[in-house]
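See structure below.
Quick note: the coordinates plus some simple rules give every number you see, no bench work behind them. Values in this document were obtained by computation on a predicted structure and should not be read as measured data. Every residue, glycine among them, receives a Cβ derived from its backbone with ideal geometry; neighbour counts consider all protein chains shown.
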Amino acid sequence: MNTTGYRVTYSLLGLALIAIIGLSILFIPSGDPETLPDAVESYSPRDGDLVVNPIKVVIDLQPGYGVQFVIDGQPIPPEQVDSIIETGRHQFRPGEGKAIERWTPGDHTVVASWIGGPNQVDVGTLVWTFTVQ
């Protein structure tokens with residue numbers, strides 16, 4: 001290949017690289033990160049997540065906080081939630097004989113209501129939805 005051929009090839013590769021970078025910047029999600037209540041450190045699956053079975057619903061609260069889950073309108077009995085109050089970690093995994101035996105494909109809504117803090121006066125609720133594939 002002569003020098004003109006190389007110049008054309010490198011020019012086209014450079015333009016393709018610029019186009020890829022430009023499109024990447026254009027389609028990167030923007031906006032502010034989600035703001036969680038003070039009592040909530042994290043939760044999963046995140047709001048809007050698309051997940052594959054098996055999964056568990058987890059919320060990490062400040063130490064000393066308790067939680068009550070309602071999933072798809074079904075209250076989850078406290079004895080079916082694995083809770084470590086000292087660390088604030090609470091999780092529910094469906095299983096045989098539990099309020100929810102398995103995740104069905106589609107959307108699932110979680111309502112997590114907590115109580116804790118000094119003198120157990122801090123209360124709140126976090127609602128999120130995830131989709132099981």
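Quick notes on this structure:
- Phi angles across the stretch 35-52 convert, under the Karplus curve 6.51 cos²θ - 1.76 cosθ + 1.60 with θ = phi - 60°, into 3J(HN,Hα) values of 9, 9, x, 4, 6, 9, 8, 6, 7, 7, x, 5, 4, x, 5, 9, 10, 10 Hz, Gly and Pro given as x.
- Computed E for E101/S42 - FRET, C-beta separation, R0 35 angstrom, nearest 0.05: 0.85
- Computed about its Cα centre, the charge dipole of the stretch 40-132 is approximately 120 debye, with only Lys, Arg, Asp and Glu carrying charge at their Cβ.
- In a fully extended conformation the segment linking E79 and A16 would gain 16.9 nm over its present Cα-Cα distance, using 0.36 nm per residue.
- A Gaussian network model of the chain, with springs between Cα atoms under 10 Å, assigns the largest mean-square fluctuation among S113, S24, S83 to S24.
- From least to most packed, judged by other beta carbons within 10 angstrom and beginning with the fewest, F92, F27 follow the order F27, F92.
- Highest to lowest packing among 103-111, 116-124, scored as the average C-beta count within 10 Å: 103-111, 116-124
- Options [x] 2, 12, 20, 20, 17, 14, 9, 5, 2, 0; [y] 2, 9, 16, 16, 13, 9, 6, 5, 5, 4, 4, 4, 3, 2, 1, 0, 0; [z] 2, 10, 22, 24, 20, 13, 6, 3, 1, 0 - which one matches P(r) over Cα pairs in 5 Å bins from 0, in percent as calculated here: [y]
- T3/L23 FRET efficiency (R0 30 Å; Cβ-Cβ; nearest 0.05): 0.50
- Gain on full extension, evaluated as 0.36 nm per residue between R93 and T129 minus their Cα-Cα distance, stands at 11.4 nm.
- Simple spin-label estimate for T109 and T35 gives 2.4 nm between the two label positions (7 Å along the Cα-to-Cβ direction from each Cα).
- The residue among F92, G124, P54 whose Cα reaches farthest toward the positive pole of the charge dipole of the chain, with charges on the beta-carbon of Lys, Arg, Asp and Glu, is P54.
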